[in-house]
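For reference, the structure discussed in these notes is given below.
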Amino acid sequence: MITHIHGKLVEKKPTFVVIDCNGVGYHLNISVNTFGQLADSGACKLLTHFVVREDAQILYGFATDDEREMFRLLISVSGIGANTARLILSGLTPDGIANAIGSSDVDTFVKIKGLGVKSAQRVIVDLKDKVENFASDKNNFVPVRNTNQKEALSALVILGFDSKKVEKLLNKLVNELGNEVEVETLIKHALKRL
């Protein structure tokens, strides 16, 4: 199993990165939270989770061990796939997920695209006893890089949202939050409203 990738960051998008390790480029799917933790270039190390399916082999990258552990907990729930888990981690931090599970907050999960009431309830029931390691006072993710509205639009379209609806919402958010708003902030606000 591949546990981490350490190399040079050669491409960075809100939904994936490419890391060059001795001439081999590794494509890693990431959450918006991880995107916010990464510099735009240079040395990079991401923890990984390797998914092998009949039709694909996919690497998921994580900035912190808490995020990777929460991803693994989420995909252990019946009906929650890797892409849905990544979408959940794009809208909430691991601590936020743990708090929502601990307080049985179904509404927080239902706001995430692709997650209905029954799936949200299943996540809460299945993981209630397993999220005690995620302290609510941790602050794992701090957005650090400015990007633009176009990257946010691209990321949300890749995640399955309608481009015209997203574009209108992003224009509204930029007017509310200002032109210098970071891409991960835009995406998080958009995910709450979509």
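Taken together, the values in this text are just the output of simple stated rules run on the coordinates, not laboratory data. Quick caveat: nothing in here was measured; it's all calculated off a predicted structure. Cβ: placed from backbone, ideal geometry, glycine included. Neighbour counts: every protein chain shown.
Using Cβ counts within 10 Å as a stand-in for footprinting exposure, how do Lys168, Lys130 rank, fewest first?
By the 10 Å Cβ count, ascending, the order reads Lys168, Lys130.
If you bin every alpha carbon distance in region 65-127 into 10 Å steps from zero, what whole percent lands in each bin?
P(r) over region 65-127, rounded to whole percents: 25, 68, 7.
Treating only the Cβ of Lys, Arg, Asp and Glu as charged (+1, +1, -1, -1), what charge dipole size does region 1-143 show about its Cα centre? Round to the nearest 20 debye.
So the dipole magnitude of region 1-143 works out to roughly 280 debye.
Run down the aspartates and glutamates and flag those whose C-alpha is under 17 Å from the C-alpha of Lys13, throwing out any fewer than 8 positions away in its chain.
Asp40, Glu151, Glu182, Glu184
Over 22 Å between Cα atoms, which of Lys8/Lys150; Lys12/Lys164; Lys113/Lys188; Lys164/Lys188 qualify?
On the way: Lys8/Lys150 24 Å; Lys12/Lys164 24 Å; Lys113/Lys188 12 Å; Lys164/Lys188 18 Å.
Lys8/Lys150; Lys12/Lys164, as the Cα separations exceed 22 Å there.
Per 0.36 nm of contour for each residue apart, how much would the distance between His6 and Asn175 grow if the chain were fully extended, relative to their Cα-Cα spacing?
Difference between extended and current length: 57.0 nm.
When Rg/Rh (Cα atoms, Kirkwood Rh) is calculated directly from the model, which label among (i) 0.93; (ii) 0.95; (iii) 1.08 fits?
(ii)
Among residues other than Asn179 whose Cβ falls under 15 Å from its Cβ, what is the net charge (Lys/Arg +1, Asp/Glu -1)?
-2
Report the residue, chosen from Asp107, Asp55, Asp40, that carries the largest GNM mean-square fluctuation when the chain is represented by alpha-carbon nodes joined by springs under 10 Å.
Asp55
Compute the signed sum of charges (Lys and Arg +1, Asp and Glu -1) over the other residues within less than 14 Å, Cβ to Cβ, of Ser78. Write down the numbers at each step before the final one.
Working: positive: Lys118, Arg122; negative: Asp126.
So the surrounding residues net to +1.
Just name one of Ala39, Gln121, Ile75: the one whose Cα is farthest towards the positive end of the charge dipole of the chain (beta-carbon charges, Lys/Arg +1, Asp/Glu -1).
Result: Gln121.
Cα to Cα, under 17 Å, and not fewer than 8 places away if on the same chain: which aspartates and glutamates meet these conditions relative to Lys118?
Once the sequence-local aspartates and glutamates are set aside, what remains near Lys118 is Asp105, Asp107, Asp126.
How much length would be gained if the chain were fully extended between Ser103 and Ile58, taking 0.36 nm per residue of separation minus their Cα-Cα distance, in nm to one decimal?
Between Ser103 and Ile58, full extension yields an extra 12.9 nm.
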